[in-house]
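*Asks:* After the structure tokens below, expect a handful of questions from me.
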Protein chains: 2
Amino acid sequence: MTDPHGASRETGLTLDPKYDAAGLVTAVVTDRVSGDVLMVAYMNAEALAATQASGEAHFWSRSRGRLWKKGETSGNVLQVAELRVDCDQDAIWVIADAAGPACHTGARSCFYRRIEDGALVPAE
Amino acid sequence: MTDPHGASRETGLTLDPKYDAAGLVTAVVTDRVSGDVLMVAYMNAEALAATQASGEAHFWSRSRGRLWKKGETSGNVLQVAELRVDCDQDAIWVIADAAGPACHTGARSCFYRRIEDGALVPAE
């Protein structure tokens, strides 16, 4: 393996995120109480640092091209209970307490539809 | 909005995944019993179809450039209990029963390390 990060990324205790070509890692937010997946978003180094420093989830908005604190407008912030990183450090798991609906549609979770027989069914 | 899929993608009951430039959506797998996030991977249309048809999680391997059924070698298949899609249909939530460790490292979950004070701490 020519990647100098390779082995230590998986086995080590150094935070060394594997950002993609756009400088991002995937962030999955789950609800601390229900365990439900609330949303999937992206973090760059700045968003990850802001999340760690503030204890509130920050992301990188690909559509707006800027850092955003979840809830900065709606008030529905995500208070971080725990942050985890996966084996190859290209995904972050955010366990959070949600102050309100996590989805911009007003749904508690962005995953408000089940896939059944190739179609969608309301899940909540 | 010029995207003809835009509104119906969020409010409709038609499965219409928003694949990225590489033809992929993000897939988050959680354990049906514990609720823990087990892994994050990617699905193309073929992987999503195979997952729906078989009831076992299939992904697209970006490193190997091919379809793979999780557990095809290790036996640690992920039996799908429920599939959900998010608001803009670019992420899939797979709720699954895991036949064994989900991570290639042998860990139950790929997220076996917590981020604390900028470093990593074993989580399990």
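*Asks:* Residue of B with Cβ nearest the axis relating B to A, plus distance in whole Å?
*Replies:* Output: B:GLY35, 1.
*Asks:* How are the C-alpha pair distances of region B:30-82 spread across 10 Å bins, as whole percents from the shortest bin up?
*Replies:* 24, 58, 17, 0
*Asks:* Shape verdict for chain A, please, from the Cα gyration tensor: rounded (a/c under 1.5), prolate (a/b greater than b/c) or oblate.
*Replies:* Working: a/c = 1.87, a/b = 1.47, b/c = 1.27.
Since a/c reaches 1.5 and a/b is larger than b/c, the shape of chain A is classed as prolate.
*Asks:* Using the beta-carbon distance between A:THR14 and B:ALA22 and R0 = 22 Å, what value does 1/(1 + (r/R0)^6) give for FRET efficiency, to the nearest 0.05?
*Replies:* Using R0 = 22 Å, I get an efficiency of 0.15.
*Asks:* Shifting gears a bit: Name the residues whose placed amide hydrogens come within less than 5 Å of the amide hydrogen of B:ARG32, ignoring near sequence neighbours (fewer than 5 apart) on the same chain.
*Replies:* Residues meeting the criterion, in which the H sits 1.01 Å from N, are B:ALA96, B:ASP97, B:ALA98.
*Asks:* Follow-up question, since we're still on this one. Taking both sides together, what accessible area is buried at the A/B interface, probe 1.4 Å, expressed in Å² and rounded to the nearest 100?
*Replies:* 3600
*Asks:* Further question: Quick one: label points 7 angstrom along Cα→Cβ at A:ALA21, distances to the other copies in nm, smallest first?
*Replies:* So the label point of A:ALA21 gives 0.6 nm to the other copies.
*Asks:* Find the centroid of the Cα atoms in region A:5-43 and in region B:80-114, then give the distance between the two in whole Å.
*Replies:* The distance from the Cα centre of region A:5-43 to that of region B:80-114 comes to 13 Å.
*Asks:* Here is a further query. Return the loop-located trypsin sites (Lys or Arg not before Pro) in region A:37-104 (DSSP other than H, G, I, E, B) with at most 10 other Cβ atoms within 10 Å of their own Cβ; answer none if there are none.
*Replies:* In loop regions of region A:37-104 (DSSP not H, G, I, E or B), the sparsely surrounded trypsin sites (Lys or Arg not before Pro) are A:ARG64.
*Asks:* For chain B, find the longest principal axis of its Cα atoms and tell me its angle to the long axis of helix B:45-54, 0 to 90°, nearest 10.
*Replies:* 70
*Asks:* Continuing with the same structure: Hey, for B:ALA53 with labels 7 Å out along Cα-Cβ, what do the inter-copy distances come to in nm, ordered shortest first?
*Replies:* Those label-point separations list as 5.0 nm.
*Asks:* GluC sites (Glu not before Pro) within region A:1-88: which are DSSP loop residues with at most 15 other Cβ atoms inside 10 Å? Walk me through the intermediate numbers first.
*Replies:* Values: sites: A:GLU10, A:GLU46, A:GLU56, A:GLU72, A:GLU82; in loops: A:GLU72.
Here the GluC sites (Glu not before Pro) that fit, given the DSSP loop and packing criteria, are A:GLU72.
*Asks:* Further question: Distances from A:ALA99 to the same position in the other copies: list them in nm, one decimal, shortest first, using label points 7 Å from Cα along Cα→Cβ.
*Replies:* Counterpart label points of A:ALA99 in the remaining copies fall at 4.6 nm.
The values are calculated or read from the model by the stated rules, or taken from the named source; none is laboratory data. Please read all numbers here as calculations on a predicted model, not as lab measurements. Please note: Cβ atoms are built from the backbone with ideal geometry, for glycine as well, and neighbour counts cover all protein chains shown. Areas reflect the complete protein model, heavy atoms only, side chains present, ligands, DNA and RNA absent. Shrake-Rupley method; radii C 1.70, N 1.55, O 1.52, S 1.80 Å.
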